[in-house]
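The values are calculated or read from the model by the stated rules, or taken from the named source; none is laboratory data. These figures come from a predicted structure and were not determined experimentally. Calculation scope for accessible area: heavy atoms of the full protein, side chains included, ligands and nucleic acids excluded. Shrake-Rupley method; radii C 1.70, N 1.55, O 1.52, S 1.80 Å.
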Amino acid sequence: DTQSFLFQLAFDAPRLKSPADRLELLVTNARKVYRHSFRQLGEVTIETRFGPVRTLHLLSDAADPEDAYEVWLSPEHFHLPVKLKFFAGRFPIELIATSIGSTP
């Protein structure tokens, strides 16, 4: 599953201390392995169904913009992804969290 790299990003994101820092991840789609280098673009507040969330905006470097991933992680929520943008084929996809919580 190509979206499993989000958990690796959540784990490694605290290592990004400056815009010059990079996170190198291997992502697979069951047919091929891709190397993604993520860099931070800064902090952004995302409006969600559960209110505004402060996030760290990351972008993967890619020669073709359709191969890039944009991810917004919430430092207050263990760096879980709040928003994700990517392409499925030539179609842009944007996902935004509708809730973040735990079950008892």
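With a 1.4 Å probe and every protein chain kept in, tell me what percent of the accessible surface of the chain is carbon plus sulfur. Roughly 56 percent of what the probe reaches on the chain is carbon or sulfur.
Heavy atoms of the protein chains alone define the surface here; on that basis the chain has 65 Å² accessible area per residue at 1.4 Å probe size.
Restricting the calculation to Cα atoms, the chain yields a radius of gyration followed by a Dmax of 13.6, 44 Å. Amide H contacts of Leu41: His57, Leu58, Leu59, each under 5 Å away and 5 or more positions distant or on a separate chain (H built 1.01 Å from N in the peptide plane; Pro and chain starts excluded).
Under a 5 Å amide H cut-off, with hydrogens placed 1.01 Å from N, Leu80 pairs with Ser74 among residues at least 5 apart or on other chains.
Karplus-based coupling profile of region 68-76, in residue order and whole Hz: 7, 10, 10, 9, 10, 10, 9, x, 6, with θ = phi - 60° in 6.51 cos²θ - 1.76 cosθ + 1.60 and x standing for Gly or Pro.
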